[in-house]
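I have placed the structure first, in the form of structure tokens, so that the comments after it can refer back to it.
The values are calculated or read from the model by the stated rules, or taken from the named source; none is laboratory data. All values derive from a computational prediction rather than experimental measurement. For the accessible areas, the whole protein counts, side chains as well, though only heavy atoms, and no ligand, DNA or RNA atoms are used. Shrake-Rupley method; radii C 1.70, N 1.55, O 1.52, S 1.80 Å.
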Amino acid sequence: PKDPKVVKCMELTNELHTWFRENNGKNSTCCRVLTRGMEKNSPERKAQCTKFVEATVVKVAEIIIRELNEQEA
């Protein structure tokens, strides 16, 4: 737990988790909460999940790029 790499990983994971909760409109990361009221195989649910995944991939890329730039500085 005192390994600096583990600590950094936990900080970045927490950053992503907090970002997701604050940006998905329901302050949650739980799929059941995020899709409440939608049919399991509906186009509406698929579109919403796709939107969440797409936004999360972009955020992860931003974090990685930021961290790589900080390491180079």
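Cα extents for the range 4-73 along the principal axes, largest to smallest and rounded to whole angstrom: 48, 18, 17.
Dividing the summed helix terms, -39500 (n - 2.57) for each DSSP H run of n ≥ 4, by the number of residues in the chain produces a 222 nm estimate of -25000 deg cm²/dmol to the nearest 500.
Per-atom-type breakdown for the chain gives carbon and sulfur 59% of the accessible area (1.4 Å probe, protein chains only). The angle between the Cα long axis of helix 43-72 and the longest principal axis of the Cα atoms of the chain comes to about 10 degrees, rounded to the nearest 10.
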